[in-house]
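Take a look at the structure below.
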Amino acid sequence: MTGNRSGGSRGEPVDWRSGLPRSERYGDVYHSASGALAQARHVFLAGCGLPQAWAGRQSWTVLETGFGLATNFLATWLAWRRDPERPQTLCFVTFEAHLVSPDDIRRAAAATPAFRELADALADHLVGLVADPLVAPVADSLVDPVADHPVDPVAYHPVGPVADPLPAVIDGSPAAGAALRRLRFESGRVELRIHEGDAAAVLATLGGGSARPAVDSVFLDGFSPARNPAIWSDAVFAAIAALLNPGARLATWTVAGTVRRTLVRHGFTVAWRPGLPPKRECLVAWRESPDITDRSTSGEDNETGSRPSSAPSTIDGRGCE
């Protein structure tokens, strides 16, 4: 795709005229000028202590607000693929009110060679899901991109057989007015769940029952709180807090006071980390004290300067059962 605008009837329009993909709906960019992969690795993976935190675990579940151009999912999948100590299964649960087209996912990944293979596999299995998103509320696609695409034998640690495959049918239904897209990769060991619709409404349905995900990492990656306040609301943070495993970490690119105060109201301790240029800082948060030496705040906007002393729990949760 070579035009400066894309999406249209096949997905949410994306404006490429500035060189950075921008949402026409929200007037905000999808990622930093430092690059999509750099932002995913620095802000979200490193902010949540990944990949080190999942070493030796049977399963790991990531919850993301704002699927966007799939950058964080692709970066997490890539990190999982390249890590010899990866968990047996990775579940990535994401929320997106306005899905972009598969072509825009490919276009965004084209500038990042490490993403291309995985982006192609993802985009191939999103074709037909974006154009009419509410026709089939549950879409389950099983695909093993390893068999279809060559990989770097040095960077890639082969995936073994699945001893206990994930169930073929989602246990539970999406919220009214929402759609659930479920895609499975790597012979079922990597699962992507895309919830379309209002994040607060969908999250509220995940808090109970056997379909409840037990979350280990949270990527807060919505558009700017000033432009899309709903994704940063009390209701969203309250629902997320109810899904967390002990020791779970949250990471986000924004340091907005409204976001910090909302996290604190829901029992989180918030800390600053060095940001990815052009931003000077980014945030991490937790409800139990991980080993992190950045300046932190446990109430309102006051900085306490405290340094939490204990590491995140490594207790196994149910993951994406």
Inset, instruction - Taking only the range 214-247 into account, find how many residues are at pLDDT 95 or above and small (G, A, S). - result: 1
Inset, instruction - All but one of (1) at pLDDT 90 or above; (2) more than 26 Å from L74 (Cα to Cα); (3) part of a loop (DSSP other than H, G, I, E, B) hold for R261, so report the exception by its number. - result: (3)
Inset, instruction - List every residue pair whose Cβ atoms lie under 6 Å apart, where the two residues are 6 or more positions apart in sequence or sit on different chains, the first residue falls within the range 230-256 and is closer than 11 Å to T65 by Cβ, and the second residue, located anywhere, is modelled with pLDDT of 90 or more and among the hydroxyl-bearing types (S, T, Y). - result: I231/T65; F237/T262
Inset, instruction - Could you tell me which residue of the range 201-212 is modelled with the highest pLDDT, considering only residues that are surrounded by 20 or more Cβ atoms within 10 Å (Cβ to Cβ) and not β-branched (V, I, T)? - result: L203
Inset, instruction - Output the number of the condition that S141 fails; it satisfies all remaining conditions of (1) within 19 Å of R189 (Cβ to Cβ); (2) part of a helix (DSSP H, G or I); (3) modelled with pLDDT under 95. - result: (2)
Legend entry - Tabulated pairs, the range 189-201, first within 7 Å of F95 (Cα to Cα), second of a type in the set (D, E, K, R), C-beta under 9 angstrom, 6+ apart or interchain: I194/E96; I194/R181; I194/R182; H195/E96; H195/R181; E196/E96; E196/R181; A199/E96
Legend entry - Pairs with Cβ under 7 Å, 6+ apart, first in the range 26-45 and of a type in the set (D, E), second modelled with pLDDT of 65 or more: D28/R22; D28/F223; D28/S224; D28/R227
Legend entry - the range 6-33: number of residues that are under 10 Å from D104 (Cβ atoms) and at pLDDT below 75: 5
Inset, instruction - Please state which of the following conditions H157 fails to meet, knowing it meets all the rest: (1) in a loop (DSSP other than H, G, I, E, B); (2) at pLDDT 85 or above; (3) not small (G, A, S). - result: (2)
Legend entry - In the range 243-255, the residues that are assigned to a loop (DSSP other than H, G, I, E, B), of a type outside the set (F, W, Y) and within 20 Å of A46 (Cα to Cα): T254, V255
Inset, instruction - Using the structure shown, decide if A38 is in a helix (DSSP H, G or I), out of contact with any helix residue (DSSP H, G or I) (no Cβ under 9 Å at 6 or more places or on another chain) and farther than 15 Å from L192 by Cα. - result: yes
Inset, instruction - Please determine, by comparing only the residues of the range 81-119 that are of a type in the set (G, A, S) and either closer than 27 Å to I231 by Cα or modelled with pLDDT of 90 or more (or both), which one is surrounded by the fewest Cβ atoms within 10 Å (Cβ to Cβ). - result: A97
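What's the total number of residues in the range 48-63 that are surrounded by fewer than 23 Cβ atoms within 10 Å (Cβ to Cβ), in contact (Cβ under 8 Å) with a residue 60 or more places away in the chain and outside any loop (DSSP other than H, G, I, E, B)?
2
The values are calculated or read from the model by the stated rules, or taken from the named source; none is laboratory data. These figures come from a predicted structure and were not determined experimentally. Neighbour counts are summed over all protein chains in view; Cβ atoms, including those assigned to glycine, are modelled from backbone coordinates with ideal geometry.
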